[in-house]
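Everything on this sheet refers to the single structure shown next.
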Amino acid sequence: MQAQHMKWVRATLPAGVIALLGSAVLAPGMARAVEFEYSGYIREHLSMNLQDSNEFEPKGSPDPLGLTSIGDNFGGQGELSMWRHSGKLEASADFGPFQIAGVGRIARETRTSYERGLQNASKKTPAYVTLGAGGAGIIGGYLGVPGPAIPSLIDQGVFANAGAFNGANMNALLTGAGLPCAVVTCFPADHPGLGAGTQDDLLLEDYDSTELREMYVTFNVTDRMHFKLGKQQVVWGETDFFRAMDIIHGYDLRWRSFLELENEELRKPLILGNVTIDVPELAGSLQLIYRPGWDAGDDIGDSGPINGGRWAPVPWAGAGVTSSLIGPYNYHHNGADEDDPNYGFRWSGTFKQVGYSFAYYRGLSTDGLVVRNPLLGGTTNFGQWEGGNYRLTELIFPKIETYGFTFNAYSGLLDSVLRGELAFTPNKPYNTGTDTYVDLFSFLSGVSANSGGLPFFPGITLLNDPHNPASGYRPGAGGVTSGGAPVGASLSVPGLADIVEKDTLKIMLGVDKNLNWTMNALGTSRPAFWTAQLFDTWVMNYDRDDDIVESFGFGAARREHQTILTNAFTFPYKYDTVTPGIAVGVDLGSFDSFVIPSLDLQYGDHWRVRLEADLFFPAHTETTNLGMTGSDRNDARLLGTLSNRDQLVARITYQF
């Protein structure tokens with residue numbers, strides 16, 4: 001957060017109140033002056049789309065089965081994608097023997113027409129499925145066409161919205177095709193539909209919040225031992241855009257992706273015991289961290305925009321994953337229970353003017369993992385399956401261990417500060433299967449059998465399963481597998497094969513430098529500032545045959561090294577009241593990139609205005625809806641998923 005003007009308030013509290021709050025016992029009638037401090041802001045965010053969103057949206061009357069091939073791109077260019085109102089209050093009270101501090105924040109969004117359109121689209125935005133020989137027969141039977149299959153429907157791609165494959169429509173399909181549907185074989189009315197949509201208003205709810213972000217007490221037991229207990233943020237790594245050692249907390253990436261200027265606005269605080277022990281003899285200190293497991297489930301891990309929205313990865317803007325057939329979060333999985341305690345320590349010190357730290361943390365990963373239903377491939381792929389009968393998958397944050405090291409030092413030769421972070425995670429789990437498909441009819445047939453009904457379709461649920469040679473499949477090959485099994489309706493979902501564990505090393509190397517020459521050459525009021533960071537994620541025991549996906553739902557294979565270079569410059573004018581800047585990032589493997597030009601303005605002590613453009617230049621992207629087949633589905637990587645998300649942003653802040 002930028003430096004804020006602080007106001008001081010003096011208050012006198014009765015001794016009994018102080019004692020009740022845990023201070024030292026005071027004699028009756030005594031009173032103590034309490035030093036109170038507060039600060040905060042009132043803020044407006046506005047953003048406008050610079051491009052159309054290219055997800056397919058159905059047009060006209062919806063098909064009763066939720067299947068359609070008529071529609072157009074969603075659009076949105078030139079529309080407001082965000083009008084957000086937020087306020088934050090930070091307050092602390094110093095009672096002498098101890099201090100209490102808290103941070104509260106409230107955020108509400110005015111629903112722009114674009115946002116309302118996204119919410120409506122999330123109830124009907126379709127996934128792309130391909131009908132096979134068996135699926136064409138069932139669809140044809142429902143339409144009243146005789147014969148085992150309609151040849152023209154085999155390998156035909158159709159869009160299936162949120163209502164497709166729900167309980168009512170599956171029962172209609174089965175009875176329409178002449179298949180028996182006794183009570184035990186009928187699907188329940190609340191059976192969820194396909195994972196490309198939602199019947200809930202989750203998308204817009206993701207943007208609003210009222211939260212006590214932090215509330216903690218600090219006190220010293222001795223001159224060397226310092227306690228901080230309660231809901232707080234503990235920052236072990238300090239980088240921009242991407243993270244190496246900032247491993248304790250997840251981030252909320254739903255409303256602003258990774259682009260908000262201050263990391264503390266996106267970081268999700270946790271209830272922690274935080275003890276620091278000074279060791280001046282060794283010019284350092286030992287920090288002990290303990291998380292008792294009292295946090296809410298959604299305080300854990302990174303919250304991605306998987307319910308759709310303005311920052312959902314292309315082409316998932318209308319996806320309502322957590323309330324759909326694809327799967328919800330499970331915060332209590334046997335290998336990822338947020339109620340389990342986590343712990344760690346960090347030693348930080350200085351040696352010959354070099355700052356350094358060593359750290360260890362055992363806790364829940366901030367990166368999500370997708371666990372599949374045993375109906376896919378015969379077994380689940382991580383721990384025990386706890387997602388029930390009707391879900392394809394569930395999303396978890398697995399427990400991992402991380403060993404870390406950081407350093408920073410001034411280089412007189414370069415007149416720069418050099419810094420670095422290393423984070424080693426042994427046996428980090430990854431999803432695999434860059435070309436896996438789900439046969440939805442086979443899956444729902446298995447669901448019916450597990451519910452006591454009849455298995456009505458004789459297919460293979462997980463297509464291109466590496467453990468089943470007969471499951472080989474590609475659209476356009478006649479609607480059957482390599483082993484001759486009929487395919488019903490295939491949905492491309494890369495990442496559903498095994499989960500493999502790989503030692504992983506994250507590396508960040510950075511340099512910070514004041515550019516003195518800009519004062520004469522560009523007329524800045526003080527030297528411009530340049531920071532560069534090189535991020536690399538190294539899968540150390542990499543094997544291409546493991547077929548790891550870089551992002552679940554996208555078919556690009558993970559590389560041994562994922563390397564991203566960022567550079568940022570700021571140019572202060574008029575004593576820092578006018579500061580243009582620019583940030584540039586590029587994936588050195590795929591050459592996907594982003595550019596963020598910005599202008600920061602200061603008016604007096606209170607008003608701050610930031611204007612920026614978020615521009616993305618993907619070399620590879622997926623251009624149509626979830627499940628779409630074709631060459632582009634194999635190319636989209638991290639920055640490529642932000643194609644067509646260019647925005648102009650204004651942030652106006654009154655701080656106090």
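The values are calculated or read from the model by the stated rules, or taken from the named source; none is laboratory data. Please read all numbers here as calculations on a predicted model, not as lab measurements. Methodologically, a virtual Cβ is constructed for each residue, glycine included, from the backbone with ideal geometry; neighbour enumeration extends over all protein chains shown. Only protein heavy atoms, including side chains, enter the accessible area calculation; ligands, DNA and RNA are left aside. Shrake-Rupley method; radii C 1.70, N 1.55, O 1.52, S 1.80 Å.
Keeping every protein chain in place, order Ile247, Ile564, Ile42 by accessible area at 1.4 Å, biggest value first, i.e. largest first.
Descending order: Ile42, Ile247, Ile564.
Calculate one ³J(HN,Hα) per residue across the stretch 412-418 by plugging θ = phi - 60° into the Karplus curve 6.51 cos²θ - 1.76 cosθ + 1.60, and present them in order as whole Hz with x for glycine and proline.
Each residue's phi maps through the Karplus curve to give x, 4, 9, 6, 8, 9, 9 Hz.
Could you work out the local net charge near Asp299, counting Lys and Arg as +1, Asp and Glu as -1, over the other residues with Cβ closer than 13 Å to its Cβ? Spell out each step's value before the answer.
Numbers: positive: Arg213, Lys231, Arg267, Lys268, Arg291; negative: Glu211, Glu214, Asp252, Asp295, Asp298, Asp302, Glu338, Asp339.
Charge balance in the 13 Å sphere: -3.
Work through the residues other than Gly412 whose Cβ is under 14 Å from its Cβ and net out their charges, Lys, Arg +1 and Asp, Glu -1.
On the way: positive: Lys352, Lys513; negative: Asp415.
For residues surrounding Gly412, the net value is +1.
Can you put Phe98, Phe591, Phe241 in order of accessible area, largest first, using a 1.4 Å probe?
Values: Phe98 10, Phe591 135, Phe241 55 Å².
Most to least solvent-accessible, the answer reads Phe591, Phe241, Phe98.
Beta carbons within 10 angstrom, averaged per residue: use that to sort the peptides 484-493, 463-472, 520-529, highest first.
Working: 484-493: 24.9, 463-472: 18.0, 520-529: 14.5.
Answer by packing, highest mean first, reads 484-493, 463-472, 520-529.
Could you give each residue of the stretch 392-403 its phi-based ³J(HN,Hα) in whole Hz, using Karplus coefficients 6.51, -1.76, 1.60 with θ = phi - 60°, and x for Gly or Pro?
Working through the residues one at a time gives 5, 8, 9, 10, 9, 10, x, 7, 9, 10, 9, 10 Hz.
Tally Lys and Arg at +1 and Asp and Glu at -1 over the other residues with C-beta under 14 Å from the C-beta of Gly132: what net charge comes out?
Numbers: positive: Arg474; negative: Asp155, Asp439.
So the surrounding residues net to -1.
With the radius of gyration and the Kirkwood radius both derived from the Cα set of the stretch 530-588, what is their ratio Rg to Rh? The partial results should precede the final answer.
Numbers: Rg = 17.8 Å, Rh = 14.2 Å.
My calculation of the ratio gives 1.25.
Can you sort Trp538, Trp316 by solvent-accessible area, 1.4 Å probe, largest first?
Numbers: Trp538 75, Trp316 25 Å².
Putting Trp538, Trp316 in descending order of accessible area: Trp538, Trp316.
Provide the solvent-accessible area of Leu642, counting protein heavy atoms only and rolling a 1.4 Å probe, rounded to the nearest 10 Å².
Estimated to the nearest 10 Å², Leu642 gives 10 Å².
Taking a ≥ b ≥ c as the square roots of the Cα gyration tensor eigenvalues, with a/c under 1.5 meaning rounded and otherwise prolate when a/b beats b/c, else oblate, which class fits the stretch 469-575? Please list the in-between numbers first.
Working: a/c = 6.05, a/b = 2.89, b/c = 2.09.
In terms of gyration-tensor shape, prolate.
Excluding ligands and nucleic acids, what accessible area in Å² is computed for Trp517 using a 1.4 Å probe, to the nearest 10?
150
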